[in-house]
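J.: Structure incoming, see below.
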Amino acid sequence: MTFVIREGWYWPEEKCSKGHESPRDKFKHCVLCVREYRKSKGHFYNDNAKKWRGENRSHLNEHRRNWNRSNPEKRILMVCRKVAKERGLPFNLEESDIIIPEFCPVLGIRLELPSKARTDASVSIDRITPSLGYVKGNIVIVSWRANFIKSDATLEELKRLVEYYGNIASKN
């Protein structure tokens, strides 16, 4: 029985000519055979590719920045997945879970999409309860400044901070 894995990809009943039991792409090529062929020909691995990447670093960086600007939700999702994996945190977010508002819900400043340098208005993802990880219902998109203020303070500490500075401002 042949079944579709994703659009254009399918898992065949029979093995390929080299005996692989792996999915086929939309051109009916065995995925493992294609990988072996590319590696044998030095695609993506040879010295010429490394040399080209070294000589065209600024081009690659600009391409990466443009992709980040045009796909902010995907970028945030990639970063969250990486951080969750590194820290051993739960992760079950999808791109549809990440909705970037026009203004920061905490500070009310206009949010900016990624650029070369991080600013106070840069988009940041905040875990409401850090120990729960990056899961549905536990994230909110805020400005980097709001997230940094909260970084390791407890709710009680933040209340004391507001009370203290509120008292000082009222005396002046």
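The values are calculated or read from the model by the stated rules, or taken from the named source; none is laboratory data. None of these values were measured; they are calculated from a predicted model. Counting neighbours? That spans all protein chains shown, and the Cβs are built from the backbone with ideal geometry, glycine included. Side chains included, ligands, DNA and RNA excluded: accessible areas come from the protein's heavy atoms. Shrake-Rupley method; radii C 1.70, N 1.55, O 1.52, S 1.80 Å.
J.: Once the principal axes of the Cα atoms of region 96-172 are found, what is the range along each, listed largest first in whole angstroms?
T.: Rounded to whole Å, the extents work out to 46, 29, 19 Å.
J.: Let me ask something else about it. With a sphere of radius 14 Å drawn around the Cβ of residue 80, what net charge do the other residues whose Cβ falls strictly inside it have (Lys, Arg +1; Asp, Glu -1)? If you can, show how the numbers build up before the last one.
T.: Numbers: positive: 74, 75, 81, 82, 85, 87, 127, 136; negative: 73, 86, 94, 95, 97, 126.
Around residue 80, the charge tally is +2.
J.: Please return the longest stretch of the chain lacking exposed loop sites, where chymotrypsin sites (Phe, Trp or Tyr not before Pro) count only if DSSP places them in a loop and at most 16 other Cβ atoms lie within 10 Å.
T.: Numbers: sites that count: 27, 44, 45.
That would be 46-172.
J.: Once the piece of chain linking residue 47 and residue 135 is laid out straight, how much longer is it, given 0.36 nm per residue of separation minus the C-alpha distance between them?
T.: Numbers: separation 88, 0.36 × 88 = 31.68 nm, distance 4.13 nm.
Gain on extension, residue 47 to residue 135, equals 27.5 nm.
J.: Follow-up question, since we're still on this one. Hey, how much of the P(r) for region 83-139 falls beyond 15 Å, as a percent of Cα pairs? Each step should come with its number before you reach the end.
T.: On the way: 894 of 1596 pairs.
It works out to 56 percent of all Cα pairs.
J.: From the residues 133, 34, 149, which one has its Cα farthest along the dipole of the chain in the positive direction, the dipole being from +1 and -1 charges on Cβ of Lys/Arg and Asp/Glu about the Cα centre?
T.: Highest projection toward the positive end goes to 34.
J.: Take the residue pairs 74/116; 51/116; 18/39; 18/41; 39/82 and return only those whose Cα atoms are more than 20 Å apart.
T.: Details: 74/116 17 Å; 51/116 25 Å; 18/39 16 Å; 18/41 18 Å; 39/82 27 Å.
Cα-Cα > 20 Å for 51/116; 39/82; rest within.
J.: In addition: Apply the Kirkwood formula to region 9-61: the hydrodynamic radius equals the inverse of the mean of 1/r over all pairs of different alpha-carbon atoms; give it in Å with one decimal. Before the final figure, lay out the partial values.
T.: Values: mean 1/r = 0.0766 Å⁻¹.
Kirkwood radius, region 9-61: 13.0 Å.
J.: Another question about this same structure. Among the lysines, which have Cα under 20 Å from the Cα of residue 15 when same-chain residues fewer than 8 positions away are ignored?
T.: Straight-distance partners of residue 15: 26, 28.
J.: For Kirkwood radius over Cα pairs in Å, which listed value, (i) 18.0; (ii) 20.6; (iii) 17.0, comes from the coordinates shown?
T.: Step by step, Kirkwood radius over Cα pairs in Å for this structure corresponds to label (ii).
J.: How much accessible surface does residue 75 have with a 1.4 Å probe, in Å² rounded to 10?
T.: 90
J.: Take residue 103 and residue 171, extend 7 Å from each Cα along the Cα→Cβ direction, and tell me the distance between the two endpoints in nm.
T.: For residue 103 paired with residue 171, the spin-label model returns 3.3 nm.
J.: Strictly under 4.7 angstrom between C-beta atoms: which cysteines of the chain have no such partner?
T.: Cysteines lacking a close Cβ partner in the chain: 80, 104.
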